[in-house]
1. Let me check something: with ligands and nucleic acids excluded, how do 111, 159, 31 order by accessible area (1.4 Å probe), largest to smallest?
2. Across region 164-170, in residue order, what do the Karplus-derived ³J(HN,Hα) couplings come to in whole Hz, using 6.51 cos²θ - 1.76 cosθ + 1.60 with θ = phi - 60° and x for Gly and Pro?
3. For region 86-129, rounded, prolate or oblate, judged on the Cα gyration tensor with a ≥ b ≥ c (square roots of eigenvalues), a/c < 1.5 rounded, else prolate if a/b > b/c?
4. Karplus couplings for region 64-79 from phi (6.51 cos²θ - 1.76 cosθ + 1.60, θ = phi - 60°), rounded to Hz, Gly and Pro as x?
5. List, in order, the whole-Hz ³J(HN,Hα) value for each residue of region 82-90 obtained from phi through the Karplus relation with A = 6.51, B = -1.76, C = 1.60 and θ = phi - 60°; use x for Gly and Pro.
6. Just how many % of Cα pairs in region 60-171 lie over 21 Å apart, if you round to the nearest whole percent?
7. Can you compute the modelled spin-label distance between residue 78 and residue 21, with each label point 7 Å from Cα toward Cβ, in nm?
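The values are calculated or read from the model by the stated rules, or taken from the named source; none is laboratory data. Computed from a predicted model, the values in this text were never measured in an experiment. Reconstructed Cβ throughout: ideal geometry from the backbone, glycine too, with neighbour counts over all protein chains shown. Just so you know, the surface numbers come from the protein's heavy atoms only, side chains and all, with ligands and any DNA or RNA stripped out. Shrake-Rupley method; radii C 1.70, N 1.55, O 1.52, S 1.80 Å.
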Amino acid sequence: MNRHGMPEPDPPQPESGVHTWTGRSRRWFLKHLPPEKLLPEDQPSYVASWAYVFGMGAVAGLVFIIASGVVLSLNGPQWYHISSLGHFTNSVHLWSVELFFMFTVVHLWIKFWMAAWRGGRVLTWITGMLAFLVSVVTAFTGYLLQTNFDSQWIAFQAKDALNAVGVGAWFNVANLGQIFMWHIMLLPLAVGAVVALHVLLVRAHGVVPPLDAADTDAQLQTSAPSASDKEGKLP
């Protein structure tokens, strides 16, 4: 009881799940990815520059690639040769890939000249490069699934090179069924996982500021005084 005759509040209890992997994982995520970082309401003003648009353009292209690729995979690799809708879907898939790589390359070049690995963002840069490399392999398997003369030519030109480096035994580019599963299952999962990790790291560390900006990620924000500050300054 306190001096007013009211009961004292209970002492704070230790957080449950201290010794479990779920509790440790929750605390790790809340420490490194708090909600205000994972789902921010605003961004620094320099993000309005075109230099920060191409990364989101690459993500948008990837969404269209996955959506059109799901439709193509459900109907099989021959559907887009005999159906007008299939041909249109295949064209959407192709041009989404073209835009994805265009945005990705421009994004990588801009971030290279901005030294985007600054401020503890080395892993962010590495995951971005890794996403590009895995995407190149995924696009290669996509060319092999055209099921036309071009795909046959590409496959048998690549077969000798892959055999020479010792991977032809389990990555047989002449096996349409195997390449089909690589293209619609294993490689998209890899691309999606690396891109998701890249976006999470961007959220955790914030977008890289321009080279001529301040050292922190909170620069260039609106510095207008709030209403409470104005009230406190009234005579």
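1. 31, 159, 111
2. Going residue by residue, I get 5, 8, x, 10, x, 5, 10 Hz, with x marking Gly and Pro.
3. Working: a/c = 6.72, a/b = 3.07, b/c = 2.19.
Since a/c reaches 1.5 and a/b is larger than b/c, the shape of region 86-129 is classed as prolate.
4. Listing the rounded values in order: 5, 4, 5, 5, 5, x, 4, 5, 5, 5, 5, 9, x, x, 9, 4 Hz.
5. 10, 10, 5, 5, x, 5, 5, 4, 5
6. Values: 3156 of 6216 pairs.
In whole percent, the long-distance tail amounts to 51.
7. In this crude label model, residue 78 to residue 21 measures out at 4.6 nm.
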